[in-house]
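Take a look at the structure set out below.
The values are calculated or read from the model by the stated rules, or taken from the named source; none is laboratory data. From a predicted model like this one, the values you see are computed outputs, not experimental measurements. Note that each Cβ is placed from the backbone with ideal geometry, even for glycine, and that neighbours are counted across all protein chains shown.
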Amino acid sequence: MNWFQLNVAGNPTDPNNYTDLGTGTPSCPTGTNKICAIQADPDGSGNPDITDSLKDDMISALHNRSSSATVQLKS
């Protein structure tokens with residue numbers, strides 16, 4: 001799995017709005033309000049494969065205002 005950092009003003013549900021960081025660590029300030037990065041398998045086109053399970057993790061992280069193993073939040 002790779003980390004994918006959300007581009008500035010990007011839509012977190014659009015795979016085209018992410019930059020593949022590979023196994024690198026996302027560089028964004030931690031916080032609780034917005035999605036910064038997700039961990040997913042690449043889809044073959046350099047974008048994250050945003051599965052229903054990952055979408056659920058994204059919703060849960062935002063609802064709980066807490067990062068998870070697959071979703072990193074920022075301020």
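Figures for the structure shown
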item	result
Residue that is surrounded by the most Cβ atoms within 10 Å (Cβ to Cβ), among those in region 46-75 that are among the polar types (S, T, N, Q) and more than 15 Å from T30 (Cα to Cα)	N47
Filter pass, L54 being without any contact (Cβ under 8 Å) to a residue 60 or more places away in the chain and in a strand (DSSP E or B)	no
Selection within region 5-21 - in contact (Cβ under 8 Å) with a residue 12 or more places away in the chain and either assigned to a loop (DSSP other than H, G, I, E, B) or under 18 Å from S66 (Cα atoms) (or both)	Q5, L6, N7, P12, T13
D49 being in contact with an Asp or Glu (Cβ under 7 Å, 6 or more places away or on another chain) and not hydrophobic (A, V, I, L, M, F, W, C)	yes
Residue in region 22-40 that is farthest from S75 (Cα to Cα), counting only those that are out of contact with any Pro (no Cβ under 9 Å at 6 or more places or on another chain) and either modelled with pLDDT of 95 or more or not in a strand (DSSP E or B) (or both)	T23
